[in-house]
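Here the structure is laid out as structure tokens; the discussion comes afterwards.
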Amino acid sequence: MSSKTINDNLISWAEDLEDAAMQQALRTSRLPVLAGPVALMADAHYGIGATVGSVVATEGAILPSAVGVDIGCGVAAVETNLAAGDLPDDLGQLHGALRDVIPAGVGKGHDLGEKPEPRALRELGLPPGSGADLPAQTRKRIGDQFGSLGGGNHFVELCLDERDAVWLVLHSGSRGIGNQIGSAHIKTARLIAKEDGVALEDKDLAWLTEGRPEFDAYVADMLWCQDYAAGNREQMLRAAMGVLGKVVSKTREVQRIDCHHNYAVRETYFGREVWVTRKGAIRAQVGDMGIIPGAMGAASFIVRGKGCEAAYCSASHGAGRRLGRKEAKRTLSAESLAEAMGSVAWDANMAVELVDEH
């Protein structure tokens, strides 16, 4: 797929980009803290603040909205040693068993009761930039939601590759704590911009400047959320592999891939070290293994990076959206979703709630 240069500060691989997303990306491309052109991935679409599917390189600053509020969100995949013929004929039963061990839905988590937190979470501790100020209820939610999917387009998928090998794929992030931390730092950036008299075309495009305590607090919290999100996916993969192991006793892991697609990291491009923020994009340096989920009910793709520097060695994070959630609910139906899903074992009893993911 070829790229298109929109202007000196914006390059796009998106062939089907709605006007709202283009105008949003153009606003981002005019920011004074950029270290190079904004790169739009093939699945780019309108988001809050920065465009979903955009890669933003900055020097001496980070835009919290260009990371987003699901900090560290990403996809993990495990290739198993199983083949299609090893699975039971009734996949609905397997689907139900996965739902039993992996809570899904907005605000949903495990009921830990008096159980201790998972070891991985205890070792992670509290977010260093905000942890001391978190109320007891939030701290409890951090533990309850560790190992859970969340809502929206987060999913667990059991699928086959071209050799009929069985893969587990799941998409989730830093849950409620990531949202809370991301929202708080976006608000802080807005307030600082207002206090400093910075004129912004979009208040959500406010940045935090390196050297200030607010910048340090954000980076510390962001890195913690990225670790929490990766640990969250690891916890779910372990639970899902446990379910598979009960169904097929010989189940074992062949390889694992895990990649964030909402995060910021220090990387070197064009001879200088910059902050690269990928919002709805995965890293695709030469040889990097990545995961690009398809539309709901369609295949996911396991990919290998080619190292395109113009895209800051990045690639799409998913199928993208042709319709916004509200438009999908207006123009599509539970019946058409059920027809599209065909014989796939899925949450058919939630078809009405899932139309926005059609």
Residues (open to solvent by 40 Å² or more (accessible area, probe 1.4 Å), touching a residue at least 24 places away in the same chain (Cβ under 8 Å) and in a helix (DSSP H, G or I)) located in the range 327-337: 329
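Yes or no, residue by residue, for (1) touching a Phe, Trp or Tyr at 6+ places or on another chain (Cβ under 7 Å); (2) open to solvent by 30 Å² or more (accessible area, probe 1.4 Å):
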site: 109; (1), (2): no, yes
site: 128; (1), (2): yes, yes
site: 133; (1), (2): no, yes
site: 142; (1), (2): no, no
May I ask you to list the residues in the range 98-137 that are part of a helix (DSSP H, G or I), at pLDDT 90 or above and more than 14 Å from residue 235 (Cβ to Cβ)? 99, 100
Could you list, in sequence order, all residues of the range 204-213 that are buried (at least 16 other Cβ atoms within 10 Å of the Cβ) and in a helix (DSSP H, G or I)? 204, 205
Conditions (1) more than 22 Å from the chain's Cα centre (by Cα); (2) surrounded by fewer than 18 Cβ atoms within 10 Å (Cβ to Cβ); (3) more than 23 Å from residue 259 (Cα to Cα); number of the one not met by residue 190: (2)
Against the definition (touching a strand residue (DSSP E or B) at 6+ places or on another chain (Cβ under 8 Å) and of a type in the set (A, V, I, L, M, F, W, C)), how does residue 223 come out, yes or no? no
Is it the case that the range 299-321 has a residue that's assigned to a strand (DSSP E or B), open to solvent by 40 Å² or more (accessible area, probe 1.4 Å), without any contact (Cβ under 8 Å) to a residue 12 or more places away in the chain and within 23 Å of residue 40 (Cα to Cα)? yes
If I filter the range 59-75 down to residues being buried (at least 22 other Cβ atoms within 10 Å of the Cβ) and in a strand (DSSP E or B), which single residue comes out as farthest from the chain's Cα centre (by Cα)? 62
Modelled with pLDDT under 90, polar (S, T, N, Q) and farther than 20 Å from residue 52 by Cα, is that true of residue 343? yes
Could you go through the range 77-91 and let me know if any residue there is touching a residue at least 24 places away in the same chain (Cβ under 8 Å), within 30 Å of residue 213 (Cα to Cα) and touching a helix residue (DSSP H, G or I) at 6+ places or on another chain (Cβ under 9 Å). no
I'd like to check something: does the range 18-32 contain any residue that is among the acidic types (Asp, Glu) and assigned to a strand (DSSP E or B)? no
Step by step: first the residues of the range 338-354, then only those that are assigned to a helix (DSSP H, G or I) and free of Cβ contacts under 8 Å to residues at least 24 places away in the same chain, then the one that is farthest from residue 104 (Cα to Cα). Which residue is that? 339
Looking at the range 269-297, which of its residues are farther than 20 Å from residue 154 by Cα and outside any strand (DSSP E or B)? 270, 271, 284, 285, 286, 287, 288
Out of (1) assigned to a strand (DSSP E or B); (2) buried (at least 24 other Cβ atoms within 10 Å of the Cβ); (3) hydroxyl-bearing (Ser, Thr, Tyr), what's the single condition that is false for residue 80? (2)
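The values are calculated or read from the model by the stated rules, or taken from the named source; none is laboratory data. In this text the structure is predicted, and so the values were computed from the model without any measurement. Note that we place each Cβ from the backbone using ideal geometry, even for glycine, and neighbour counts take in every protein chain shown. Side chains are part of the model used for accessible areas, which takes the heavy atoms of the whole protein and leaves out ligands, DNA and RNA. Shrake-Rupley method; radii C 1.70, N 1.55, O 1.52, S 1.80 Å.
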